[in-house]
Amino acid sequence: MNETQEWTTVIQPKDKLLSVDFKELWRYRDLYTLFVKRNIITQYKQTVLGPLWFVIQPVLTVIMYMVVFGGIAGIATDDIPQPLFYLAGTCMWQYFSDCLGKTSNTFVNNSGLFGKVYFPRLITPLSNVTSNLLRFGIQMSLFIVVYVIYAIRGCNAHLTWYLLLFPLLVMMMAGLALGFGLVISSMTTKYRDLQILFSFVVSLWMYATPIVYPLSLVKGKVAAGFDLYTIMRLNPVTPVLETFKYGALGAGEFIGWQWLAYSFVFMVALLALGVVIFNKTQKSFMDTV
Amino acid sequence: MATAIEFNNVSKQYRLGLVSTRTLSHDLQRWWAVSVRGKEDPYLKVGSVNDRSTKADSEYVWALRNIDFKVEQGDVIGIIGRNGAGKSTLLKILSKVTGPTTGTIKARGRIGSLLEVGTGFHPEMTGRENIYLNGAILGMTKAEIARKLDEIVDFSGCARYIDTPVKRYSSGMTVRLGFAVAAFLEPEILVVDEVLAVGDAEFQKKAIGKMQDVSQGEGRTVLFVSHNMASIQRLCRSGILLEKGSVSYAGTAAETISKYLSEQVVQSEYQNPNPQANQKLVLLSANVSPKTGSLIYTTTPIQIRFTIRVNQPVGHMVVGFNLMSSFQYPLARADYNDQNGAYSLDPGEYEFLFEIPANTLSNGDYKIEFDVAEKGVRNYAGEQSVLTFHVDIDEHSHANTFSENISSKMSIIRENWLVKYEKQ
């Protein structure tokens, strides 16, 4: 018959390094939207308070920060009311760490599903990052409500034009979390001890990011011979957070386009690396999990 | 006929034991040998053949070794073999769940695989939502599912509960819903693992019917793995026999099945080679024999005799056996306490004698699997204690006989239920 017909599926031990099948990813776009839907539906259904938890968590966190960092340690907040300042940082960081956590456990959490059927595994972290936006949105609404209350009562906080970058900033947060998460998830399938390492690295990372203190506070500080201000800005999350805080609250000063560009390039490179490593791992991980 | 799938020297190596231990050091060794010194991968060589009866002397085993065959378009091929022969690994590689260690598989057309029904079902979501989710996981688009939704719901027979969360479904309904989605997949090549073993008899019939439609009517290629020789025989045209990770026979389905059955060694006696004193219960020996003579005929009562030792009294003791056909159909079950209401035995050695009355079984091959167990905890009778026996047609008997080997099985158990017949 049609012996000349091309082979349409070839299964072989190892693909070339850069053979990410974007066409296939696109073909499974319906699965992506369905996963997003599933994540959102099931988040609501499994708890008594439902989405209320999304609000309770940042409120408690902010109160804790106000007591510990604002009260006991007496760290300045750039003349912005403490709740606003902490809430802005916490909401952004929460989204980042949620995405990072979910993504880095992709293989471990889904081994049952991955063991039974093939689909581009990248769909799972992509849909998680998207569905986390719901939680982020609710927390942002909380931020806006608190903001409005303070604005009516009168305070130093004011919007700047940089707030227009907000969509880009969220995208960069998602991209950074996804990139790191993909790299980590691929490594943890083989060496489980790395999971423990990464989970506390992420919690320490928060303190290396200006959330409970303003970046301006670090200016001119030197630790062990290093200029802390420069080092802090090398943290790719810092420029994103600082830009958001400057845009939304007028806190401190704009970090500068060069640092934002650095962060962006960092994200793109990390994402590319993550996707390549993840793609390589998805073939063999069932034998190692 | 064109070739639909071509396996070229496919092999798959697995590691035994805990994967997370010493991995880092092994990886470093491998990296040292391959990348730095330019030598052959040291762990690719040492693998031993996958044979479960002997203890592996190496950490690596070949689950599949040099699999090399072609499947023609429109063929329905059954893959059979003992547990651990590599059937599931083969399907996993075909489904792209895991990659082969060496070799390639080439195929014409989409491969749809069904290693489990209802993969990815979420209990909190409704039947309808799960149909979409499951369909998309299996590779269908939303539009495709929407188009077939009514048919799927209809086939599953769950129409009344379609907007109820799946967690309220009975397990049978969940399986039906899962199979219904899978049945409407339209890949050119369909890979099916033992999914027909689930669900009730009526649904199994429906599922087999649907599979037959798929292969015959629509000309699709189907690869089917099952322990159930009867459904292999009914569904498949050709067969592949896997043994220790290699293809040991390929031919028509009937030939392959009889080859497989003939290689099953008849074991009518079992002697525990190493009775453990620290086990609560031990099966010491067992045998199956005719009550009279040396061969088992349809007219001979069959005696099953076994001895056990109770080292420690057990709360809820199970001592008995399952009678299976060689096709793995469970036929009957007998227990020491069916009549007397006992639930445990004092420490000591006991001999049991069971007798299957004459004219119960038709001719064919049978298996006896023992249970010497603490209920819900552990069965102390191992796989080695499985006995097999053959029932022959008694030449002197004038009774009608049924043969298990004919393709449409009529019956296995022959009961004397006739009360009378008379001319009216």
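The values are calculated or read from the model by the stated rules, or taken from the named source; none is laboratory data. All of these numbers come straight from a predicted model, not from anything done at the bench. Glycine also receives a Cβ, built like all others from the backbone with ideal geometry; neighbour counts cover every protein chain displayed.
Checking each residue of segment A:83-92 against the condition of being in contact with a strand residue (DSSP E or B) (Cβ under 9 Å, 6 or more places away or on another chain) and in a helix (DSSP H, G or I) gives no match. Counting just the residues of segment B:144-160 that are of a type outside the set (D, E, K, R) and surrounded by fewer than 18 Cβ atoms within 10 Å (Cβ to Cβ), which one comes out nearest to the other protein chains (Cβ to nearest Cβ)? Only one residue tops the list, namely B:146. Scanning segment A:104-113 for residues being crowded, with 21+ Cβ neighbours inside 10 Å and either modelled with pLDDT of 90 or more or more than 14 Å from the chain's Cα centre (by Cα) (or both) gives a total of 2.
If you go through segment A:233-254 and keep only what is touching a residue at least 40 places away in the same chain (Cβ under 8 Å), farther than 20 Å from residue A:87 by Cβ and among the hydrophobic types (A, V, I, L, M, F, W, C), you end up with just A:254. The residue that is nearest to residue A:62 (Cα to Cα), among those in segment A:209-233 that are surrounded by fewer than 14 Cβ atoms within 10 Å (Cβ to Cβ) and in contact with a helix residue (DSSP H, G or I) (Cβ under 8 Å, 6 or more places away or on another chain), is A:219. In segment A:271-282, the residues that are basic (Lys, Arg) reach residues that are assigned to a helix (DSSP H, G or I) with C-beta atoms within less than 8 angstrom, at least six apart or across chains, in these pairs: A:280/A:186. Taking segment B:124-143 as the range and being surrounded by fewer than 20 Cβ atoms within 10 Å (Cβ to Cβ) and either more than 9 Å from chain A (Cβ to nearest Cβ) or hydrophobic (A, V, I, L, M, F, W, C) (or both) as the test, the residues that pass are B:126, B:128, B:143. Within segment B:325-342, the set of residues being surrounded by 12 or more Cβ atoms within 10 Å (Cβ to Cβ) and more than 30 Å from residue B:232 (Cα to Cα) comprises B:335, B:336, B:337, B:342. Taking segment B:69-104 as the range and being crowded, with 20+ Cβ neighbours inside 10 Å, over 23 Å from the mean Cα position of the chain (by Cα) and more than 7 Å from chain A (Cβ to nearest Cβ) as the test, only B:103 passes.
In the condition set (1) at pLDDT 85 or above; (2) of a type outside the set (Val, Ile, Thr); (3) farther than 29 Å from residue B:75 by Cα, residue B:147 is compliant with all but (3).
For segment B:105-122, a residue qualifies if it is more than 7 Å from every other protein chain (Cβ to nearest Cβ) and farther than 19 Å from residue A:9 by Cα, and the qualifying residues are B:117, B:118, B:121. Please verify whether segment A:46-57 includes one or more residues that are at pLDDT 80 or above, more than 14 Å from chain B (Cβ to nearest Cβ) and on the phi > 0 side of the Ramachandran plot. No: zero hits. Taken over segment A:188-232, the criterion of being under 24 Å from residue A:107 (Cβ atoms), in contact (Cβ under 8 Å) with a residue 12 or more places away in the chain and either within 14 Å of another protein chain (Cβ to nearest Cβ) or not in a helix (DSSP H, G or I) (or both) is satisfied by A:188, A:189, A:190, A:195.
Looking across A:261, A:269, A:174, one residue alone is in contact with a Gly (Cβ under 9 Å, 6 or more places away or on another chain), of a type outside the set (Phe, Trp, Tyr) and modelled with pLDDT of 90 or more. It is A:269.
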